[in-house]
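The block underneath contains the structure these notes are about, expressed in structure tokens.
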């Protein structure tokens, strides 16, 4: 069975208690934390408020909810060395919550092309950030999300060549498929051994390069292909997280509707 998860981007107004209750109700024992209590950067809030961190850890542990990863705002093109200390503090929060990973963005905007200069900057900043994390003694690892301009296999290959073969990824499967234009199998063949976590969602084309997010299973995303990869020896054990972007798109249906559709897809492909 594919391990399942959901991101708190879908329920940004939840507190920890309601988050745990939502996870229990849907039979999902793992969450990914980004936004909560109306705060976009909830991990950053926890870093600055030790009492809130202790409360969050206690509630999650009591509910037996694991944290698959924390979302940081750190961006390999938009951030710089001055932003690394805040990222390290997020890594400390991850350790406190038992989260093995902190997500950082690959960098750039949708449809942006990363130049050789961009790739060198991103790879160098990644190495600096990872070294700072290690030097701080944190146990969690950084995951570079296939996001923004870092979505197609050609660019990913160039980034790996500069950042190092051991760079780890959060694979946003929708972005590499919709924005990168690559089949899931092609992307997985390149980065599969470095993937530690996955995001998925669904969308429909609205003409040209534009698209609109829709409930899982109501769009064009090839869930069957993805689940086949996750049941292969190379994909076994990877956690699949529904990233329902209610935080950024409040017009989307409630997370509960998306989770029902998501679980329906998983059941249909058992």
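Bear in mind that the values in this text are calculations on the coordinates, not laboratory data. None of the values given here were measured: they were computed from a predicted structure. When we count neighbours, we look across all protein chains shown, and the Cβ atoms used for this are built from the backbone with ideal geometry, even at glycine.
What is the gain in length, in nm to one decimal, between residue 205 and residue 228 on full extension, counting 0.36 nm per residue of separation less the C-alpha to C-alpha distance? Kindly include the intermediate steps, with their values, before the conclusion.
On the way: separation 23, 0.36 × 23 = 8.28 nm, distance 2.37 nm.
Computed gain between residue 205 and residue 228 is 5.9 nm.
So what is the 222 nm mean residue ellipticity for the chain from helices alone, if each DSSP H run of at least 4 adds -39500 (n - 2.57) and you divide by all residues, rounding to the nearest 500 deg cm²/dmol?
Counting only the DSSP helices, I get -12500 deg cm²/dmol.
Full extension from residue 112 to residue 257: what is 0.36 nm times the residue separation minus their Cα-Cα distance, to one decimal in nm?
49.0 nm
With r as the distance between the Cβ atoms of residue 95 and residue 157 and R0 = 35 Å, compute the FRET efficiency 1/(1 + (r/R0)^6) and round to 0.05.
Between residue 157 and residue 95 the formula returns 0.65.
By what distance, in whole Å, do the Cα atoms of region 139-256 stretch along each of the three principal axes, largest value first?
The Cα atoms of region 139-256 stretch 39, 30, 28 Å along their principal axes.
What per residue convex hull volume, in Å³, do the alpha-carbon atoms of the chain yield?
In the chain, the Cα hull volume divided by residue count equals 117 Å³.
When you count, for each residue, the other Cβ atoms within 10 Å and take the mean per peptide, how do 119-130, 91-102 rank with the highest first? Please list the in-between numbers first.
Values: 119-130: 19.2, 91-102: 21.5.
Sorting 119-130, 91-102 by mean packing, highest first, produces 91-102, 119-130.
Sort out for me the Cα centre separation of region 50-105 from region 1-47, rounded to whole Å.
13 Å
Restricting things to alpha carbons, find the Rg to Rh ratio for region 1-132 using the Kirkwood radius for Rh.
When Rh is taken as the Kirkwood radius, the ratio is 1.01.
In Å³ and rounded to a whole number, note down the convex hull volume per residue for the Cα atoms of region 127-202.
In region 127-202, the Cα convex hull volume per residue is 90 Å³.
Hey, for a label at residue 269 modelled as a point 7 Å past Cα toward Cβ, could you say which residues of region 199-215 have their backbone N under 17 Å away?
199-204, 214-215
Could you work out how far apart the two model spin labels at residue 185 and residue 127 are, taking each label as a point 7 Å from the Cα in the direction of the beta carbon, and quote it in nm?
Roughly 3.6 nm, to one decimal.
Quick check: residue separation of residue 218 and residue 59 times 0.36 nm, minus the Cα distance between them. What number comes out in nm?
53.8 nm
Go ahead and set up a Gaussian network model of the chain, Cα springs under 10 Å, then flag whichever of 199, 147, 55 fluctuates most.
Most flexible of the set in this elastic network: 55.
Roughly how far apart, in whole Å, are the Cα centres of region 168-238 and region 116-130?
One Cα centre to the other: 25 Å.
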